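Just below is one structure, and these are the notes that go with it.
The values are calculated or read from the model by the stated rules, or taken from the named source; none is laboratory data. Bear in mind that the values here come from a model prediction, so they are computed numbers and not experimental data. Neighbour counts are summed over all protein chains in view; Cβ atoms, including those assigned to glycine, are modelled from backbone coordinates with ideal geometry. Protein only, heavy atoms only, side chains kept; ligands, DNA and RNA dropped before computing areas. Shrake-Rupley method; radii C 1.70, N 1.55, O 1.52, S 1.80 Å.
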Amino acid sequence: VVINKIDSAAPDSVRKVRENIATVNPNATVVDAASVIRIDNPKLIKGRKVLVIEDGPTLTHGGMAYGAGTIAAQQGGAAKLVDPRPYAVKSIAEAFRNYPSIGPVLPAIGYSASQLQHLETTINRVDCDAVVVATPIDLSRIIDIRKPYTRVFYELQDLGKPNLEDTLSEFTRAHNLPRAPGMTGARV
C-alpha cells in the first residue's frame, strides 16, 4: 500500500489510513510517499497574477477546491491567484454553478470540441499575467493559450524504507515474474 502526500496531509489523517490498513491487511507492506511538484518555468509565476488550471475531475467529482497547480503557484511565489469565475463561459460557467466548492481555479472539465473551446475562451478572457497549467495533458497542444504559461508536474517520491522500487522488486522475485521494462535499479 502506498500512502501518498504524507508531506501535505494532516497527521491525524495519515494515522487513520495506517490504522485502516492494519485492520484490513496487517501484513501489507506500507510505502510512505510524497507528491513532489515541479514547475516548468517558475520565473513566469513569481510576483505575478496567475490563472491556475487544474484537472477538472479532481475539482468536480473529487470534491477538492484546488490541486497541484494552486500549490505550485503558492510555492512559486505568485502575487495573486486570479479567480476565473467572472470570465467563465458556457460549460465552464456551468461547472462552477454545479460545483460551488471549486476554489479560485479553472477546471479543465473535458476534452470535447465544445469544452475545449469554452476552456480556451475562458483562459484568454481572464485578466492575468501568466497561466499555470496543472492538467495531465499539455493543453497548449490542443488549444490556443494566448498568455505566457508554464506546466506543473508532480512525481512520486519515496519517504524512507521500504520504498516502492524495492517493494516491487521483492514482489517480482517472490512471484517469479519478469521485471517490468525500465526496472533496472532506476527509480520507479
Compactness check, the stretch 1-91: C-alpha Rg relative to the 2.2 N^0.38 Å globular estimate gives 1.41
How large, in percent, is the carbon and sulfur part of the accessible surface of the chain at a probe radius of 1.4 Å? 53
In the calculated pair distance distribution of the chain, what percentage of Cα-Cα distances lie above 21 Å? 58
Do the alpha carbons of any pairs in Lys80/Lys161; Lys16/Lys147; Lys5/Lys43; Lys16/Lys90; Lys16/Lys161 sit beyond 32 Å of each other, and which pairs? Lys80/Lys161; Lys16/Lys147; Lys16/Lys90
Between beta-carbons, use under 15 Å as the cut-off and find the net charge around Ser140, counting Lys and Arg +1, Asp and Glu -1. 0
Where does each of Asp12, Asp55, Asp166 land when they are ordered by accessible area, with a 1.4 Å probe and the largest first? Asp12, Asp166, Asp55
For the chain, what is the calculated [θ] at 222 nm in deg cm²/dmol (nearest 500), taking -39500 (n - 2.57) for each run of four or more DSSP H residues and dividing by its residue count? -9000 deg cm²/dmol
Once the other residues with Cβ under 11 Å from the Cβ of Ala73 are scored (Lys, Arg +1; Asp, Glu -1), what is the net sum? +3
When the charge dipole of the chain is computed with +1 on Lys and Arg Cβ and -1 on Asp and Glu Cβ about the Cα centre, the Cα farthest towards its positive end, among Leu168, Val2, Ala134, belongs to Ala134
Could you size up the charge dipole of the chain around its Cα centre, putting +1 on the beta carbon of Lys and Arg and -1 on that of Asp and Glu, and report it in debye to the nearest 20? 380
